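> Starting off with a structure, shown below.
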Amino acid sequence: MIPYWASVLEAGSSPLSVYALRLSPGEEILTSLITFVKDKKLKAPFIITCVGSVTKATLRLANATALNTDEIIHLNERFEIVSLVGTLNEVAHLHITLADKDGRTIGGHVLGDLEVFTTAELVIGECVGLEFTREMDDRTGFPELAISSRTKQAWP
């Protein structure tokens, strides 16, 4: 067995920049986040926190594998955003937990269709000294996070 630290991919510590973003009714969260990251030229962005509500969502459930990605659900009702976490490089990797009108929760990997109902208030962080990319991992069959250091000259 490989020790856990032998497979950990990491880079050194990094200064942090923080951005706040509010999305309005009808806006799609994933598309808006990807546009925000591109416009700001962020290289290692991630979600710090998010509160708000959505009217629909498309999620991939935890049972999906690289060969069986059809564990997908399409939700079409009002939900509170209980949690939204993940990284936002060019291929965002986000997980969300939503609560329905009775407080029951469901969560999964965000595929899209996160349409804002009343608001989505997001705080986005960026590890200024790092860059996030994705590389295919033969062990999982998915493109996984690759972390590299940026030189100080490349920092904004």
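> Looking for whichever is under 17 Å from the mean Cα position of the chain (by Cα) and of a type in the set (Phe, Trp, Tyr) here; the options are PHE117, PHE142, PHE79. Which one fits?
Values: PHE117 fails: under 17 Å from the mean Cα position of the chain (by Cα); PHE79 fails: under 17 Å from the mean Cα position of the chain (by Cα).
So the residue among PHE117, PHE142, PHE79 that is under 17 Å from the mean Cα position of the chain (by Cα) and of a type in the set (Phe, Trp, Tyr) is PHE142.
> To continue, here is another question. In segment 10-49, which residues are exposed (fewer than 14 other Cβ atoms within 10 Å of the Cβ) and free of Cβ contacts under 8 Å to residues at least 60 places away in the same chain?
THR35, LYS38, ASP39
> While we're here: Since ILE96 meets every condition but one in (1) touching a residue at least 24 places away in the same chain (Cβ under 8 Å); (2) more than 15 Å from CYS50 (Cα to Cα); (3) in contact with a Ser or Thr (Cβ under 9 Å, 6 or more places away or on another chain), which condition does it not meet?
Failed condition: (2).
> Of the conditions (1) within 22 Å of PRO25 (Cα to Cα); (2) out of contact with any strand residue (DSSP E or B) (no Cβ under 6 Å at 6 or more places or on another chain), ARG104 satisfies every one except a single condition; which number is it?
(1)
> Okay, moving on. Please enumerate the residues belonging to segment 27-78 that are modelled with pLDDT under 95, of a type in the set (Gly, Ala, Ser) and not in a loop (DSSP other than H, G, I, E, B).
Listed by number, the list is empty, since nothing qualifies.
The values are calculated or read from the model by the stated rules, or taken from the named source; none is laboratory data. Note that the structure is a prediction, hence the values are computed from the model and not measured. For neighbour counting, all protein chains shown are included, and Cβ atoms are generated from backbone atoms with ideal geometry for every residue, glycine included.
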